[in-house]
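Scroll down for the structure; my scribbles are underneath it.
The values are calculated or read from the model by the stated rules, or taken from the named source; none is laboratory data. Since we're looking at a predicted model, the values are computed, not measured. Glycine gets a Cβ as well: all are built from the backbone with ideal geometry, and neighbour counts include every protein chain shown. SASA here: full protein model, heavy atoms, side chains in, ligands and nucleic acids out. Shrake-Rupley method; radii C 1.70, N 1.55, O 1.52, S 1.80 Å.
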Amino acid sequence: MNVFALVEARIADALKALKSEGFFNDDLALPNVEAEVPRDASHGDVASNIAMVLAKPAKTKPREIAEAIKGKLEGGDDIEAVSVAGPGFLNVTLAPSYWQNLVASILKQGSAFGQPDLGQAKKVNVEYVSANPTGPMHVGHCRGAVFGDALANLLEFVGYDVAREYYINDAGGQVDVLARSVHLRYREALGEDIGAIPEGLYPGDYLKPVGATLAKAHGRTFVDAPEADWLAVFRSSAIDAMMDMIRDDLAALNIRHDVFFSEASLTANGNDGVKAAVDVLANKGLIYKGTLERPKGHEGEDWEDREQTLFKSTDFGDDEDRAIQKSDGSYTYFAGDIAYHLNKLERGFLHLINVFGADHVGYISRMKAAVKALSEGKADLDIKVCQLVKLFRGGEPVKMSKRAGTFVTLRDVVDEVGRDPVRFMMLYRKNDASLDFDFAKVTEQSRDNPVFYVQYAHARAASVFRRAREAFPELTADSKSVLEADLSQLKDPADLALIKRLAFFPKLVQSAARAHEPHRVAFYLYDLASEFHGLWTRGNDLPQLRFIHEDDESLTAARLALVAATQTVLSAGLGVLGVEAPEAMR
RNA sequence: GGCCCCGUAGCUCAGUCGGAUAGAGCAUCAGAUUCCUAAUCUGAGGGUCGCGCGUUCGAAUCGCGCCGGGGUCACCA
C-alpha cells in the first residue's frame, strides 16, 4: 500500500468511527477520501481536503471536522503529527521510520515497485503508427509512434493486458498507385529509360530495389502486359517491402507491435467484413441514403450535390453524418475502419485507445460514434492526439518538400540524434501541445537535454556501487547487507526528501496511466533525478551525506540501500518511456 | 463559417481530482570541485496564468463570450 492509500484508509476509518459515535448524521454518505502531496513540504507529507468536501453535506465547519479527524488519527502507527491548517486542510506527517522502511520495501519489490494492480489484467487495445505502407516513415510519424509505445508500456506496467496494433491501409487506391510506381521501377530495372516519374506516382528511390526484385523474379513477363495482369502481384510485393522497411524504422526506435492488422484482410477469402460491419449498423437503423450539406468553408467548384450511403453518427455526438460508400459504390476508408473496430470488439476488447496525428482530429468524433454504436455503449474508445512536430536546426525551421526530396525521415532523425534523446524529447511534452524539435539543441547542446540529466542520475548510482566495491566488495545492490541495512541511519532531511520522492512514484504512475499521459513519467523522472543530484552534491559540504564511508560499513550499507532504491525507480520509469538506463555515461 | 488543440516568467514548457504563498529548465547575475563522474549543485532577480463574466468556501484548472496562434472540414487515406 502506498503512502497515499495508507493515509486515505486511515482517514476513512476515522470517518466511520466518527459517524458511529454520532458526530455525523446517520444519513450522511461518506465520500471517497483523497490524499495528495501538499504544495509546500512544510505542511507535512500528505494532505487531504476531506473536511472541506464534507463541510456542506455534514453542515459542519470544515475546521471542526478536521479537528475531529485529527483526534482519531493522532497516535496511529507511523503517524508522527497531524495538523489542521488553512480553511480546513488535514496535514499528516509520517514518522521517519515509515520512510526508512519504505526503502527496504522498494528494494524487496524491485522492478515491481510502483505497479499497483490498476489494470487487473483487463484487455486494452492500443493502436498507433498505422502509417500508410507507401514509403519510409517520416519524422511526422515519430511522435505518435513513441507516444503510443510509451503509453502501451505504461498500461502494461500498471497491470493491463495490452495489445499493440498497427492498422495497415493496404486496401485503398493509394496502394494501387504504389503498385504502378513500382511497375515503372521494374521496367527501369530491366534497362528501360523511364524518365521523370509522372505526377501522382511515388517518386522515391526507395522503390528501386522493389522493382529490381520483381525484375529478377518475373523477367520481362509484365513489361507490356495489361495492368490487370500484374497489379495484384506488384501491389502485394510492394506492400510487403514497405512494411519491412517500416518495421525496421520502428525497430530503430525500439518500437514493436503485437498485431499488424491488414485492411485488405477484412475483405479477403470471400468474406466481406466491411459489408458485415455496415450491416450491423444497418440492423440498428443507423444506415440510410441521403445528401450532406456543403460545408460552409467549402467554396470549391468541384462540389457535387449527390445522394450517399450515410452512417447516422449524429445520433452519437458527431457533427454530421458520415459517408460509408464512395460515388463509385466502393466503401470509404471510414467503412473499413468501422469493420476493423468491430473486429477489435469481437476479439474481446472493451478498452480501445487510438493514437492520431493532429491532421486526423476531424476523424475523432465519427470514430467514437462508430464504436459507441457498435458496442452499444459497452466499450470505451479514447483517442489521443499528438500535435505536430516542427523541426528546427539552430533555430531555423527545416523546410520539407516531398517533391524536392528534402523531407526528413524518421531514420534520419534517429541516426543523427540517437534513439534515447528522440524518445525522451517526444515524451517531454504533453501530447496535445505542439512540439519544436531542434536538432542543434538535442545534439550539440546535449548538456541541456533532460534525457542525459536523467540517465546521468542512473549512471551515477551505478558508479557509486562500482566505487563501493573497492572498499566493501560484499556490498552489492542485492546483497543481504544492503537489503537488511539499518535504515534508521537515513535521517537527514535530504535523505528523507529523496525517499518521499520515491514514495510518490506509485501514485504518479497510476495517475499517468489513468489519464493516458506518459509524459508525466518523464517529468517525474526529471524531478527524481534532480533530487538525487542534489543529495549527491550536498555530500561536498556534508561528508555524512556521502554514500561511501570506508570506516563505517553499516552506514555505507544503509546509504547504498537508498542509492539502490533510487536506481530501481529510475530504471523502472525509464523502462516505461522505452529509454535506456545506462550503467555509465562515458 | 463549423469543430478540435494551444495561450502560464525574456525563451521553451510543467502544474495531479478545483485547494494553501503558481513551479522547472534555458538565458541573466553571484557562488561551489584536495572528496562517490561538475553531463552536477547552491542562491538571486524575473508573473495581469491572453481578456471579461459566471459557478464555488476556494479557479491557471470548471462553464459562457471574446482576442491571438495552429490544425482540420463531402468523395482521399
I need every pair where a residue in the stretch A:75-89 that is outside the structural domain of A:ALA14 (by TED's automatic domain parsing) has its Cβ under 9 Å from the Cβ of a residue that is in a loop (DSSP other than H, G, I, E, B), sequence separation at least 6 or different chains.
none
Residues that are more than 17 Å from A:VAL37 (Cβ to Cβ) and open to solvent by 30 Å² or more (accessible area, probe 1.4 Å): which helices (runs of 4 or more DSSP H) entirely in the stretch A:469-580 hold 2 or more of them?
A:480-483, A:519-541, A:553-577
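May I ask you to say which residue of A:MET400, A:MET426 is assigned to a helix (DSSP H, G or I) and either buried (at least 16 other Cβ atoms within 10 Å of the Cβ) or at pLDDT below 90 (or both)? Walk me through how you get there before you give the answer.
Details: A:MET400 fails: assigned to a helix (DSSP H, G or I).
Exactly one residue qualifies, and that residue is A:MET426.
Examine the stretch A:83-91 for a residue that is over 22 Å from A:VAL509 (Cα atoms) and either assigned to a helix (DSSP H, G or I) or more than 10 Å from RNA strand B (Cβ to nearest atom) (or both), and state whether such a residue exists.
Step one: filter the stretch A:83-91 for residues over 22 Å from A:VAL509 (Cα atoms), giving A:83-91.
Imposing the further condition that a residue be either assigned to a helix (DSSP H, G or I) or more than 10 Å from RNA strand B (Cβ to nearest atom) (or both) reduces the set to none.
No, the stretch A:83-91 has no match at all.
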Selection from the stretch A:213-258 of residues that are over 27 Å from A:GLU416 (Cα atoms), in a loop (DSSP other than H, G, I, E, B) and open to solvent by 70 Å² or more (accessible area, probe 1.4 Å):
A:ARG220, A:THR221, A:ASP224, A:PRO226, A:ASP258
Can A:ALA268 be described as open to solvent by less than 40 Å² (accessible area, probe 1.4 Å), closer than 24 Å to A:LYS344 by Cβ and modelled with pLDDT of 95 or more?
no
If I go through the stretch A:310-352 residue by residue, how many of them are away from RNA strand B (no atom under 16 Å from the Cβ) and touching a helix residue (DSSP H, G or I) at 6+ places or on another chain (Cβ under 8 Å)?
6
Hey, could you check the stretch A:1-26 for residues that are assigned to a helix (DSSP H, G or I), without any contact (Cβ under 8 Å) to a residue 40 or more places away in the chain and open to solvent by 50 Å² or more (accessible area, probe 1.4 Å) and say which is farthest from A:VAL92 (Cα to Cα)?
A:SER20
Given (1) within 29 Å of A:ARG520 (Cα to Cα); (2) surrounded by fewer than 21 Cβ atoms within 10 Å (Cβ to Cβ); (3) at pLDDT below 95, number of the condition A:GLY114 does not satisfy
(2)
Taking the stretch A:457-476 and keeping only residues that are under 13 Å from A:ALA561 (Cβ atoms), within 14 Å of RNA strand B (Cβ to nearest atom) and within 35 Å of the chain's Cα centre (by Cα), one is left with A:ALA461, A:VAL464, A:PHE465
Of all residues in the stretch A:47-79 being in a strand (DSSP E or B) and within 9 Å of RNA strand B (Cβ to nearest atom), the one that is surrounded by the most Cβ atoms within 10 Å (Cβ to Cβ):
A:SER48
For A:SER511: the one exception among (1) more than 9 Å from RNA strand B (Cβ to nearest atom); (2) within 33 Å of the chain's Cα centre (by Cα); (3) free of Cβ contacts under 8 Å to residues at least 24 places away in the same chain:
(1)
Looking at A:SER365, A:SER375 in this structure, which one is among the hydroxyl-bearing types (Ser, Thr, Tyr), surrounded by 15 or more Cβ atoms within 10 Å (Cβ to Cβ) and in contact (Cβ under 8 Å) with a residue 40 or more places away in the chain?
A:SER365
